[in-house]
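The next block holds one structure in the form of structure tokens; read it before the comments.
The values are calculated or read from the model by the stated rules, or taken from the named source; none is laboratory data. This is a predicted model, so every value here is computed, not measured. Cβ: placed from backbone, ideal geometry, glycine included. Neighbour counts: every protein chain shown.
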Amino acid sequence: MNPQQRAPLAVITGASSGIGAALAQAYAARGWRLVLVGRRGTALDATALACAQAQGLEVVDPARLRLLVVDLRDLQAWRAEVARLLHDWECPQLVVAAAGISHGTDLAHAQDLEVADDIMRSNWLAVLGTLSPFIAPMRARGSGTLVGIASVAGVRGLPGHAAYSASKAALIRSLESLRVELRPSGVRVVTISPGFIATPMTAGNPFPMPFLMDARHFARRAVRAIERGRAYTTIPWPMAVLSKLMHVLPRGLWDRAVQGRQRKPRNMPHDDGG
């Protein structure tokens, strides 16, 4: 079969669970070939089977679905995996960096600085490292879409989220810079900021989560935003309205609004598909 006649190819990280797994199943149902990336092989196998079923298959077809078990914080290992992928298959039409972690932090404790460093490396540097190897081949081809999953938490600093909010704010700005750089080349950069999505990352939150959305519903809306090439999208839409208010609220009012808000438990790991 002529490569140009094949189904389009997407690389999705964080596919072991949560948002990444939901996006993988959404694209599988649309007939895409997939490269699923995660750190937990058993969970990744479960996502692969769900994707095969979404494609109407009883078993995984290796010509349509490839699994990569890799820790994206190991940038050298990831670049080696991408080199093999580009050699064996082709440059994908779409790369979605959905892997991320969340911990509650209390910076009064020295050991939480190590937690903060891990959050920044996982949610910011590893995402940039995920997208980096695809920039040159997409630019040379003159097409492709790079997607980063950020968070509404990146709009303002939240209690107990000094590292998580910072990591997502950094990601939003870095993707914005990349979008401007790549626009003339025909490569699109899309930022999606979820609100509260029902995943393992949010399951242990001890505070109210307004507009909580099912991961499958989120994935369907995210796919539409990606197809349209929207520069920045917040899902669900009520959270988009709230995040805009959060953005413009004066600092004094913001401080009073979140003062006393219940925090995420300190150092409790929440892994959204890594």
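Within the set Val60, Val82, the sole residue that is over 21 Å from Ala222 (Cβ atoms), in contact with a helix residue (DSSP H, G or I) (Cβ under 6 Å, 6 or more places away or on another chain) and not in a loop (DSSP other than H, G, I, E, B) turns out to be Val82. Residue selection: Gly100 fails the criterion of being surrounded by 22 or more Cβ atoms within 10 Å (Cβ to Cβ), over 20 Å from Ile226 (Cβ atoms), at pLDDT below 95 and not aliphatic (A, V, I, L, M). Pairs linking a residue in segment 1-16 that is part of a helix (DSSP H, G or I) to a residue that is crowded, with 16+ Cβ neighbours inside 10 Å and at pLDDT 95 or above, with Cβ atoms under 9 Å and 6 or more positions apart or on different chains, do not occur.
Of the residues Asp117, Asp71, which single one is of a type outside the set (S, T, N, Q) and assigned to a loop (DSSP other than H, G, I, E, B)?
After ruling out the rest, the residue left standing is Asp71.
Candidates in segment 1-14 are the residues that are among the hydrophobic types (A, V, I, L, M, F, W, C) and at pLDDT 95 or above; of these, the one that is surrounded by the most Cβ atoms within 10 Å (Cβ to Cβ) is Ile12. Of all the listed residues (Ala26, Ala52), the sole one being in contact with a helix residue (DSSP H, G or I) (Cβ under 6 Å, 6 or more places away or on another chain), of a type in the set (A, V, I, L, M, F, W, C) and either over 23 Å from Ser167 (Cα atoms) or buried (at least 22 other Cβ atoms within 10 Å of the Cβ) (or both) is Ala26.
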